[in-house]
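Here's the structure, in structure tokens; my notes come after.
The values are calculated or read from the model by the stated rules, or taken from the named source; none is laboratory data. Keep in mind the model is a prediction, meaning the values are calculated, not measured. Cβ placement follows ideal geometry from the backbone for every residue including glycine, while neighbour counts extend to all protein chains displayed. Each accessible area value is taken on the protein alone, full model and side chains, heavy atoms only, with ligands, DNA and RNA left out. Shrake-Rupley method; radii C 1.70, N 1.55, O 1.52, S 1.80 Å.
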Amino acid sequence: MDRVRDLATKKAAVIFTKSSCYMCHSIKVLFYELGASPAIHELDQEGSGREMEGALQRLGCTPSVPAVFIGGKFVGSAEEVISLHVNGSLKQMLIDAKAIWF
């Protein structure tokens, strides 16, 4: 859990993913299109990926990936992020966290 929290606060936007997850890819593309350059942590390529995945599940991320953190705070998985984007608040969250500038 400590490693996840540490990584989640290293950058304004952080996404925990798996390389084979299509929703993870979609969320990464969304962030790039909004102008953000999030830190990406591919759990299937990390030595402690299984432990980090368990920690994400304990935080309430179901499914465990993608898990999105903005400004060090857990935002949610794909469903929550897409909802935030549709209602217009995702971009403002990224601006407030200084992940993008306008």
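Tabulated values for the structure
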{"quantity": "Accessible surface, 1.4 Å probe, highest first, among residues Arg50, Arg5, Arg58", "calculated": "Arg50, Arg58, Arg5"}
{"quantity": "Counted charge near Gly49, where neighbours are those whose Cβ lies closer than 9 Å (Asp, Glu -1; Lys, Arg +1)", "calculated": "-3"}
{"quantity": "The chain - Cys residues lacking any other Cys C-beta under 4.7 Å", "calculated": "Cys61"}
{"quantity": "The chain: DSSP helices with Cα axial extent of at least 18 Å and average Kyte-Doolittle hydropathy no lower than -0.5", "calculated": "none"}
{"quantity": "Percent accessible area from carbon and sulfur atoms, the range 13-93, protein chains only, probe 1.4 Å", "calculated": "51"}
{"quantity": "Share of Cα-Cα pairs in the chain lying beyond 16 Å, as whole percent", "calculated": "50"}
{"quantity": "Ile95, Ile82, ranked by accessible area, largest first (probe 1.4 Å)", "calculated": "Ile82, Ile95"}
{"quantity": "Solvent-accessible ranking of Glu79, Glu46, largest area first, probe 1.4 Å", "calculated": "Glu79, Glu46"}
{"quantity": "Per residue, in Å², the accessible surface of the chain once ligands and nucleic acids are set aside, probe 1.4 Å", "calculated": "56"}
{"quantity": "Cβ-Cβ FRET estimate between Ser48 and Glu80, R0 fixed at 22 Å, reported to 0.05", "calculated": "0.35"}
{"quantity": "Normalised convex hull volume, the range 58-102, alpha-carbon set, Å³ per residue", "calculated": "62"}
